[in-house]
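Colleague: Structure below; questions to follow.
Bear in mind that the values in this text are calculations on the coordinates, not laboratory data. From a predicted model like this one, the values you see are computed outputs, not experimental measurements. With ideal geometry, Cβ positions are generated from the backbone for all residues, glycine too; neighbour counts draw on all protein chains shown.
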Amino acid sequence: MDVDLPDGVTAIVNDHCPTCALVAPVLDALAATGHLAVVREDDDAGLELAWRLGVDTVPTLVRGQGGAEVERIVGWHRGQWESLIGVTGLGADLPDQRPGCGSYVVDPGRASQLAVRFGGSVIRSRRIEVAELEDEIEAAYDRGWSDGLPVVPPTEIRVMRMLDGTTRAPDEIVAVIPPDLVECTVEKVAVNAVLAGCRPEYLPVVLTAVEAACTDEFNAHGLLATTYFSGPVVMVNGPVRQAIGMNSGVNALGQGNRANATIGRALQLVIRNVGGGRPGEVDRATLGNPGKYTFCFAEDEEGSPWEALSVERGLPPGQSAVTLFAGEGVRGVVDQLSRDPESLARSFAACLRTVAHPKLPMAFDAVLVVSPEHGRVFREAGWSKARLREELDSLLLLDGAELIKGAGGMTEGIPEGLAGVQLPKFRPGGLLIVHAGGGAGLFSAIIGGWASGAVGSQPVTREVGT
Amino acid sequence: MSRILVDPTSERSPGVRQRVARPSSLDGLTVGLLDITKARGDVFLDRLADLLAERGLTVRRYAKPTFTKPAPVDLRHEIATQCDVVIEALAD
């Protein structure tokens, strides 16, 4: 950082520090004899100098030479001060040493404020001026930045604080966002994370979700443009869940948790604002679903009878990860009576068969969210996730005769020539199983997918970085 | 004092929003007259105000602080919220 430090010794103090008050007579005397200059953080110029020097403690003594810092002492320490200044007998009535206090520069939230104020802002995005009598939230609506709910106004300070949540450079390209195929920087993701209401520590998860969504496999473009119900569903694994306070328990798929609510929303706002994907334009959904505002939750790995979704999908245990799924709404699976895994698996299969339509095989993926009370049935019976999959695969091998056009009195169905074959409900890899939910309730959930596989969307799992 | 927000979009659209379409009739509308403060622009606008008032229209008057700079964002917001159409006079 550019610092214009005068030659000689400069003492940086502030008015709220008892150590500064203790040494004030010493400093006054040294200033009077020209041995040093005293700079107060309580003045703008002093605060700017402290910020530019990265001072974290007061009093701090720095020696400048040729405009650059060559030596620094933090707190009061008689011997060190005498050595730096070249004067002996300082503060004879004071203790030998006394630690300093926190600089204003390190007050919570102050760094980003000072960065904007003193010109250190790294933000490159266009600035939008809002009139004094114009409400900021209304201004965001007027400019089309909202999904329908109020957004947090993206001030420079909020964006700077958001960028503190990642180690990545603000100008790094994260992904190319459909439908307009716009290169999106870390900074633009941060601005939209502010809009969504994210805290800075959520940003790495949002960045990963954006990256995962904008892959050829996930196909965010098609998912946006489709007339189908679906939107991106974000499932989070690993230690980041606890680190940012995500909900995987009671009401995990519902409202009320800031991280769950705002991470999913931030992804959708990136697609809207950066990608230009708006309902009624490229988004042609016939009905849509409420999850298109936001749909993000964490897996309850600790309470799960099985390995985590991210581990099943190839990542090491303990690795934070995001899995993107092109999902529609949530449908319930009620089974309050089954106490053996065979019976419960049959209930799951019967409900899973209805995804999209009971007569349509291999066309739509699904996520099965197994709740704790249902999970307990499999744990107590010693069923692994693979064992459950095997059972479901077998139960969901459907007779073509039941699926063909006209069967069951329904014209919807597969070509009549397939009457003699058996077809799986889900393509290989098309059924994801996760564990989440509150401790009470013999209910699980199914999140139906969109057109699956290479012709539509495939689930994508990515490691969460910093 | 105006405030600054950071643009969350791809910045492919102009930062200044587009004008609304011209109305087919002025009946029942509020007309803003914006004097850019060039000399004698007020003479022209005074006459326009008389003519519009004779037609029963509501007229509101505004002026830029200086013709050398764009209208301040607060003034633009005031006009946009108070008027349906605006006539800006340039004179010398």
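Colleague: Before anything else, pin down the relative contact order of the stretch A:8-105: Cα pairs under 8 Å, at least 6 apart, normalised by residue count, whole percent. Spell out each step's value before the answer.
Modeller: Working: 169 pairs, mean separation 34.4, N = 98.
It comes to 35 percent, rounded to a whole number.
Colleague: Run the helix sum for the protein assembly as shown: -39,500 (n - 2.57) per DSSP H stretch of 4+ residues, divided by residue count, reported at 222 nm to the nearest 500 deg cm²/dmol.
Modeller: So the helix-based figure for the protein assembly as shown works out to -8500 deg cm²/dmol.
Colleague: Another one. How far is helix B:41-54 tilted, in degrees, relative to the longest principal axis of the Cα atoms in chain B, given as a value from 0 to 90 rounded to the nearest 10?
Modeller: Once rounded, one gets 70 degrees.
Colleague: Looking at A:VAL333, A:GLY400, A:THR411, which one has the Cα that reaches farthest to the positive end of the dipole of the stretch A:317-466 (charges on Cβ: Lys, Arg +1; Asp, Glu -1)?
Modeller: A:VAL333
Colleague: In addition: With only alpha-carbon atoms counted, please give the Rg and Dmax of the stretch A:214-463, in Å.
Modeller: 18.0, 54
Colleague: Roughly what percent of Cα-Cα pairs across the stretch A:18-89 reach past 16 Å?
Modeller: For the stretch A:18-89, the fraction of Cα-Cα distances above 16 Å is 49 percent.
Colleague: For B:LYS64, list the lysines whose Cα falls under 30 Å from its own Cα; do not include residues on the same chain fewer than 8 positions away.
Modeller: Leaving aside lysines fewer than 8 places away in the same chain, those within reach of B:LYS64 are B:LYS38.
Colleague: Return a whole-number percent for the relative contact order of chain A, with Cα pairs under 8 Å and 6 or more residues apart as the contact set.
Modeller: Details: 939 pairs, mean separation 65.2, N = 466.
Normalised by residue count, the contact order of chain A is 14 percent.
Colleague: Same structure again: From the residues A:GLY465, A:PHE426, A:HIS16, which one has its Cα farthest along the dipole of chain A in the positive direction, the dipole being from +1 and -1 charges on Cβ of Lys/Arg and Asp/Glu about the Cα centre?
Modeller: Highest projection toward the positive end goes to A:PHE426.
Colleague: Span-like helices, chain A: DSSP H, alpha-carbon axial extent 30 Å or more, mean Kyte-Doolittle -0.5 or greater, which ones?
Modeller: Length and hydropathy pass: none found.
Colleague: Moving to a separate point now. Where does the stretch A:273-407 land on Rg(C-alpha)/(2.2 N^0.38 Å)?
Modeller: Cα Rg divided by the expected 2.2 N^0.38 Å: 1.24.
Colleague: Give the longest segment of chain A that steers clear of trypsin sites (Lys or Arg not before Pro) in DSSP loops with at most 15 neighbouring Cβ atoms within 10 Å, not counting the sites themselves. Please list the in-between numbers first.
Modeller: Values: sites that count: A:ARG124, A:ARG126, A:ARG284, A:ARG339, A:LYS405.
In short, A:127-283.
Colleague: Tell me which cysteines of chain A come out unpaired when the rule is another cysteine's Cβ under 4.7 Å.
Modeller: Cysteines lacking a close Cβ partner in chain A: A:CYS184, A:CYS198, A:CYS214, A:CYS296, A:CYS351.
Colleague: To continue, here is another question. Mind jotting down the distance between the C-alpha centroids of the stretch A:385-455 and the stretch A:96-131, whole Å?
Modeller: With the stretch A:96-131 and the stretch A:385-455 each reduced to a Cα centre, they are spaced 55 Å.
Colleague: Averaging over every viewing direction, what projected area does the convex hull of the Cα atoms of chain A cover, in nm²? Display every interim value, and only then the final one.
Modeller: Numbers: hull surface 116.4 nm².
Here the figure is 29.1 nm², rounded to one decimal.
Colleague: Assuming a ≥ b ≥ c are the square roots of the Cα gyration tensor eigenvalues, decide whether the stretch A:161-281 counts as rounded (a/c under 1.5), prolate (otherwise, with a/b larger than b/c) or oblate. Don't skip to the end; give the middle numbers.
Modeller: Values: a/c = 1.83, a/b = 1.18, b/c = 1.55.
Note, shape of the stretch A:161-281 comes out oblate.
Colleague: Shifting gears a bit: Taking a ≥ b ≥ c as the square roots of the Cα gyration tensor eigenvalues, with a/c under 1.5 meaning rounded and otherwise prolate when a/b beats b/c, else oblate, which class fits the stretch A:132-195?
Modeller: Values: a/c = 2.74, a/b = 1.40, b/c = 1.96.
It comes out oblate by the Cα gyration axes.
Colleague: With the convex hull built on the Cα atoms of the stretch A:78-165, state its orientation-averaged projected area in nm².
Modeller: Over every viewing direction, the Cα hull of the stretch A:78-165 projects on average to 10.4 nm².
Colleague: Can you pull the mean other chain C-beta count within 10 Å for peptide B:66-76? Please report the intermediate quantities before stating the final value.
Modeller: Working: counts 0, 0, 0, 0, 0, 0, 3, 6, 6, 1, 3.
Neighbouring Cβ atoms belonging to other protein chains average 2 per residue here.
Colleague: Right, something else. Tell me, what is the percent relative contact order of the stretch A:206-359, built from C-alpha pairs under 8 Å that lie six or more residues apart? Spell out each step's value before the answer.
Modeller: Values: 208 pairs, mean separation 53.8, N = 154.
Relative contact order for the stretch A:206-359 comes out at 35 percent.
Colleague: If r is the Cβ-Cβ distance from B:THR68 to A:ASP171 and R0 is 30 Å, what FRET efficiency results, to the nearest 0.05?
Modeller: Values: r = 35 Å, r/R0 = 1.17.
That gives a FRET efficiency of 0.30.
Colleague: In debye, nearest 20: dipole of the stretch B:30-89 around its Cα centre with unit charges on the Cβ of K, R (+) and D, E (-)?
Modeller: That gives the stretch B:30-89 a dipole magnitude of about 180 debye.
Colleague: State, in angstrom, two size descriptors of the stretch B:30-89 derived from its alpha carbons: Rg to one decimal place and Dmax to the nearest whole number.
Modeller: 11.3, 33
Colleague: Something else about it: Once you average over the residues of A:129-137, how many Cβ atoms of partner chains fall within 10 Å of each Cβ?
Modeller: Numbers: counts 11, 7, 12, 8, 5, 9, 0, 2, 0.
The per-residue average across the peptide is 6.
Colleague: Given the Cα atoms of the stretch A:237-343, and with Rh set as the inverse mean 1/r over their pairs in the Kirkwood sense, what is Rg to Rh to two decimals?
Modeller: With Rg and the Kirkwood Rh in hand, the quotient comes to 1.02.
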